[in-house]
Amino acid sequence: MARRVYVREIYFYIMCLVAIILFIVGLVTIYDSAINYVKPITYMTRASMTPMYKEQYGDLSQAEIDKLIEEEIAASLNNEKIMAIKGLFRGALLLIIGLPLFIIHWKKAQEMWRLNLDSD
């Protein structure tokens with residue numbers, strides 16, 4: 001005799017799949033954010049910013065312009081680090097949600113599997 005499959009059981013397995021996906025996305029987010037924190041990337045370079053600053057602040061000396069450029073690049077790198085920290089927390093939250101979600105639904109699905117086998 002064939003084993004009966006209930007909608008509730010299918011729901012539990014689908015939720016397990018969703019939890020696994022959450023867990024994987026959380027791991028990838030943590031990995032990516034950790035790399036971005038250790039080595040933040042900015043697309044601002046001294047070469048690309050110098051002509052713009054010379055045009056905008058023509059009355060300043062080259063040393064003052066260099067100081068402004070360095071401050072802006074540092075602020076950009078700091079902003080990238082802050083975004084990486086937020087990404088680390090976001091990834092950790094996905095792990096914290098995904099793992100218990102999987103465990104709870106997997107246990108329920110296995111209980112239904114055993115109940116279904118016992119009733120046959």
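Since every read-out is calculated from the coordinates, none of them should be taken as a lab result. Computed from a predicted model, the values in this text were never measured in an experiment. When we count neighbours, we look across all protein chains shown, and the Cβ atoms used for this are built from the backbone with ideal geometry, even at glycine.
Things to note:
- Formal net charge of residues neighbouring Asp66 (Cβ-Cβ distance under 12 Å; K, R +1; D, E -1): -1
- Efficiency of FRET from Cβ geometry, Asn116 and Ile14, R₀ 22 Å, rounded to 0.05: 0.85
- Fully extended contour minus Cα-Cα distance, from Ile21 to Glu80, at 0.36 nm per residue: 18.6 nm
- Here is what passes the span test in the chain: the DSSP H helices with alpha carbon length of 20 Å or more along the helix axis and a Kyte-Doolittle mean of -0.5 or above are 7-38, 62-119.
- Eligible lysines near Lys67 by straight Cα distance, threshold 20 Å, same-chain separation 8 or greater: Lys54
- Looking at the range 1-49, the trypsin sites (Lys or Arg not before Pro) that sit in a DSSP loop and have at most 13 other Cβ atoms within 10 Å of their own Cβ are Arg3, Arg4.
- A straight chain from Ala34 to Glu70 at 0.36 nm per residue would run longer than the Cα-Cα distance by 10.5 nm.
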